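Beneath this line is the structure, given in structure tokens, with notes to follow.
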Amino acid sequence: MKMKKKLNNQILESLGFHKGKEIALILGLVSRHRKKVGVEVIVEELKQIKAEPEAFVMDPVWSKLAEMLMPEKEVNREVILPKEVAAPFADFGGMDVEPAARDQMYQALKLPISVRGALMPDAHLGYGLPIGGVLAVENAVIPYGVGVDIGCRMNLSVYDLPANYFKGRENQLLDILKENTKFGQKEVHDKVRDVEVLNDKAFDEVPLLKTLHKQAWRQMGSSGGGNHFVEMGVIQVYEEEAVKGLPAGSYFAVLSHSGSRALGASIAGHFTKLAKQLCKLPGNMQHLAWLDLNSSEGQEYWLAMNLAGDYAEACHDDIHSRLAKAIGGHVIYRVGNHHNFAWKEMHDGKELIVHRKGATPAAEGEIGFIPGSMTLPGFLVRGRGNAESLRSASHGAGRRFSRSECKQKFTVSAMHAELEAHGVTLLGGGVDEAPMAYKNIHQVMALQTDLVDVLAEFHPRLVRMDKG
């Protein structure tokens, strides 16, 4: 058989390699180490590795593939038992946090790696860590402590346009919103911008990421489903110089909430499964399985997590750039922050891995944004660097009712009546995201006056969500 000039999936499948991990790994290794070697030579090497993988476990090029092809040995890992005494945590949750969320936080603090924690005022039940949970650990990362939507974040653009810019332009702005934003699994932009993150070398270095690159490219500049949104509204800046470069007054503004799309979800799923295999925890704690940062798996997750965070930020930049071009005017202030991520930070003189799953970074002087609901304001805030909260604050109002409860409690007509009463127009969305689903943001903010100072408040006017 005459060999094709370029190694591809068809050739590899004919050799007996499986789609997915095996082929992705081979293509990655060839790209890095065998670019100048002929396909015939590579095919012969692969045949030998396939036949006798144990002979290549020390090979400088093919060792990872050999390990993958080796018959799996039964590994009887001992179950890691939790500590009897939980690490300390600060509770800013108030009376409106369900006991199950507090219990999740308490269980997380019993992990052998846990050092400190904090529960935010918007906390509610999640997987592993509660949403609104902050956990500091030693030299490890918990994929579900970061969350499925890695790098989920807020971005705000303030324009040099007055608050009354909406008058007589509502329909025009709704058209701009619909034409320049994409949501969910099916909508993508016709033309994707070649942004820097899509050329990140991590896509070639981590086999999993290589398989995700095409979809990441396709979804660039789009937003997810669920509670993700793009809003146009009015921001009121309270005091002169409260926000550097933004005088007191009312302005037209755009606010977005989304994360790393399918890229982040795939990373989270892959590494959570891997963490559960490597880190055996009791049944009720399995979602808290971690990866040691000294391990290759931990290093790969850390690299992939940071890539997903950069990708999420690039998506927001793309959204805001498209809208700015269509709206006109000049953006005079922009700010953004993750609220599903892990950071290496110094606390009490020691480097710790701080997981914020639904929590806003709030170091002293750090600017961030905490959204409310579609009918209540969100807030531009400045962190106070509170040590007890691990320099964190809430990431929003927090859910009062689950999605399934919302579908039982609320009707579409009741949701739209609530929106109309507050002068808000919604494109898309469903009753699971009704304003009534969320806690009162004013009560949440009252619980964190020691964590952040409020600089401005944003009131939504036009909102787009999935299926809009």
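The values are calculated or read from the model by the stated rules, or taken from the named source; none is laboratory data. Keep in mind that what you see is a predicted model, and the values were worked out from it rather than measured. Because the Cβ atoms are built from the backbone with ideal geometry, glycine has one as well, and the counts that use them run over all protein chains shown. The area values use the complete protein model at the heavy-atom level, side chains included, leaving out ligands, DNA and RNA. Shrake-Rupley method; radii C 1.70, N 1.55, O 1.52, S 1.80 Å.
At 1.4 Å probe size, with no ligands or nucleic acids counted, give the accessible surface of ASP318 in Å², nearest ten.
10
In sequence order, what are the phi-derived ³J(HN,Hα) couplings for region 430-446 according to the Karplus relation 6.51 cos²θ - 1.76 cosθ + 1.60 with θ = phi - 60°, rounded to whole Hz, with x for glycine and proline?
The phi angles translate into x, 5, 5, 10, 4, x, 5, 6, 10, 5, 6, 4, 5, 5, 5, 5, 5 Hz.
For a quick check of your reading of the filter: which trypsin sites (Lys or Arg not before Pro) in region 187-236 sit in a DSSP loop and have no more than 15 other Cβ atoms within 10 Å?
Of the trypsin sites (Lys or Arg not before Pro), the ones in loops of region 187-236 whose Cβ has at most 15 other Cβ atoms within 10 Å are LYS191, ARG193, LYS201.
Hey, of (1) 23.9; (2) 23.3; (3) 24.8, which did the structure itself give for Kirkwood radius over Cα pairs in Å when calculated?
(1)
In the structure displayed, which of LYS186/LYS280; LYS182/LYS210; LYS83/LYS273; LYS83/LYS407; LYS178/LYS214 lie more than 32 Å apart, Cα to Cα?
Violating the 32 Å Cα-Cα cut-off are LYS186/LYS280; LYS83/LYS407.
Determine the shape class of region 1-143: with a ≥ b ≥ c the square roots of the Cα gyration tensor eigenvalues, call it rounded for a/c under 1.5, and otherwise prolate if a/b is greater than b/c, oblate otherwise.
Taking the square roots of the gyration eigenvalues as a ≥ b ≥ c, region 1-143 is prolate.
Using R₀ = 41 Å, calculate the FRET efficiency as 1/(1 + (r/R₀)^6) where r is the Cβ-Cβ separation of LYS201 and GLU364; round to 0.05.
Efficiency computed from Cβ-Cβ geometry: 0.75.
Please report, for the Cα atoms of region 215-261, the Rg to one decimal and the Dmax as a whole number; what are they, in angstrom?
In order Rg, Dmax, the Cα atoms of region 215-261 give 15.2, 44 Å.
Calculate I(q)/I(0) for region 368-468 by the Debye formula, one identical point scatterer on each C-alpha and no solvent, and give its log10 at q = 0.10, 0.13, 0.19, 0.20 Å⁻¹ to two decimals.
-0.31, -0.50, -0.92, -0.98
Once the convex hull of the alpha carbons of region 321-391 is built, what does its volume come to per residue, in cubic angstrom?
130
Hey, what angle do you get for helix 99-108 against the long axis of the chain, alpha-carbon based, 0 to 90 degrees rounded to 10?
Once rounded, one gets 40 degrees.
May I ask you to list the GluC sites (Glu not before Pro) in region 15-124 that are in a DSSP loop and have at most 15 other Cβ atoms within 10 Å of their Cβ?
GLU72, GLU74, GLU78, GLU84
How big is D for region 170-261, in µm² s⁻¹ as a whole number, if Stokes-Einstein is applied with the Kirkwood radius of its Cα pairs at 37 °C and 0.692 mPa s?
Translational diffusion coefficient: 206 µm²/s.
For region 85-154, what is one quarter of the convex hull surface built on the Cα atoms, given in nm²?
Projected area, direction-averaged: 4.8 nm².
Apply the Karplus parameterisation 6.51 cos²θ - 1.76 cosθ + 1.60, with θ equal to phi minus 60°, to every residue of region 141-152 and state each ³J(HN,Hα) to the nearest whole Hz, in sequence, with x for glycine and proline.
3J(HN,Hα) across region 141-152, in whole Hz: 9, 9, x, 7, x, 8, x, 5, 8, 4, x, 4.
Using the Karplus curve 6.51 cos²θ - 1.76 cosθ + 1.60 with θ = phi - 60°, work out ³J(HN,Hα) for each residue of region 247-257 in order, rounded to whole Hz, and write x for Gly and Pro.
For region 247-257, the Karplus-derived couplings read x, 4, x, 10, 9, 6, 8, 10, 10, 10, 9 Hz, x marking Gly and Pro.
Want the number for LYS6 to GLU405: 0.36 nm per residue separation, take away the alpha-carbon distance, what's left?
Length gained, LYS6 through GLU405: 138.2 nm.
Near the amide H of TYR333, under 5 Å away, which other amide H atoms are found, from residues 5 or more places off or on another chain, if H is placed in the peptide plane?
Correct list: VAL158.
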